[in-house]
Ligand code: ADP
Ligand code: TRP
């Protein structure tokens with residue numbers, strides 16, 4: 001029986017979404033809903049490797065769900081769920097861990113980086129890639145869109161899948177293909193570096209108008225006087241404006257830089273307006289969603305039921321293959 005390409009990805013609920021997350025992760029995920037059968041989940045088990053605040057975890061999960069829905073995730077098209085609502089993933093993770101060489105995990109940069117940053121070197125953090133492999137293999141996923149930082153984890157997933165199939169028969173699990181978003185331009189932050197929570201230079205997608213405008217006014221610029229032409233290379237204002245504006249408005253903005261006569265304050269105001277308009281419909285959708293507290297839970301519950309149906313089929317096949325049934 002032929003089924004549509006299954007596209008799966010997980011997002012960690014790790015705080016307020018920023019413009020980099022939007023263009024680097026949400027927007028591509030929303031576009032891919034049209035291409036295949038999308039399975040998108042909130043990786044709350046994974047988040048536990050780096051956070052220990054139950055209230056914050058609960059809040060972050062809901063906030064990410066609301067934001068993702070507001071950004072265009074369509075629960076009629078995509079199966080959207082909490083990772084922990086499908087506990088079958090833990091059983092598969094255990095089975096995978098019995099074929100996963102420790103040396104494979106020891107090579108993972110992400111583990112080493114996180115420990116270097118002060119995150120506790122727990123078994124959960126070390127085994128993180130095995131759980132991620134289980135996330136992917138549990139749904140016979142064909143394509144897994146992720147950012148560059150997750151490339152190695154996808155390689156580990158494929159290695160584990162090959163090992164399981166070698167040990168218990170071809171077809172025990174389906175080998176997934178990564179879609180690495182190499183082409184997604186890195187969105188720069190207010191200081192001109194890559195936008196990232198870790199650099200404290202983020203621009204949130206959703207927020208109050210006044211503080212957001214104030215934030216944009218903080219963009220670092222040089223001291224070119226109002227009447228003089230402004231440099232266009234490496235301009236943070238232009239790089240951000242390009243994301244939000246039409247090509248025609250962008251061309252005008254570039255011309256105003258080159259000609260001079262418009263001060264940085266006005267250019268930033270124009271950027272703030274473009275930003276505000278760009279997210280207007282998503283902001284409105286977000287307000288609707290938050291006005292209906294039952295909606296998000298209903299979407300996640302329905303998604304989990306659908307995900308569990310799929311998970312049960314795959315897990316049954318794996319259990320039989322390994323001799324647990
Ligand atoms: P942060 O760097 O703020 O901690 P995450 O690592 O949680 O962000 O990123 C979540 C997703 O958003 C990843 O898939 C990543 O590729 C994408 N992303 C994050 N920052 C950017 C950026 N500045 N430009 C493009 N994509 C980004
Ligand atoms: N580790 C991923 C991240 O931090 C999130 C994630 C968990 C994931 N499980 C996944 C991504 C499965 C893709 C597929 O971004």
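The values are calculated or read from the model by the stated rules, or taken from the named source; none is laboratory data. As the structure is a computational prediction, the values presented were derived from the model and not from experiment. Cβ atoms come from the backbone with ideal geometry, glycine included; neighbour counts cover every protein chain shown.
Some observations on this one:
- Taken over the stretch 170-218, the criterion of being more than 9 Å from ligand 1 (Cβ to nearest atom) and under 15 Å from the mean Cα position of the chain (by Cα) is satisfied by 178, 179, 180, 182, 204, 205.
- Residue 224 within 16 Å of ligand 1 (Cβ to nearest atom) and part of a loop (DSSP other than H, G, I, E, B): no
- Residues (within 14 Å of residue 134 (Cβ to Cβ) and either away from ligand 1 (no atom under 16 Å from the Cβ) or not in a helix (DSSP H, G or I) (or both)) located in the stretch 146-156: 156
- Only one entry in 105, 69, 64, 57 is in contact with a strand residue (DSSP E or B) (Cβ under 8 Å, 6 or more places away or on another chain), in contact (Cβ under 8 Å) with a residue 24 or more places away in the chain and either within 16 Å of ligand 1 (Cβ to nearest atom) or more than 19 Å from residue 9 (Cβ to Cβ) (or both), namely 64.
- Test: residue in the stretch 167-179 that is in the same structural domain as residue 39 (by TED's automatic domain parsing), touching a residue at least 24 places away in the same chain (Cβ under 8 Å) and closer than 18 Å to residue 27 by Cα: yes
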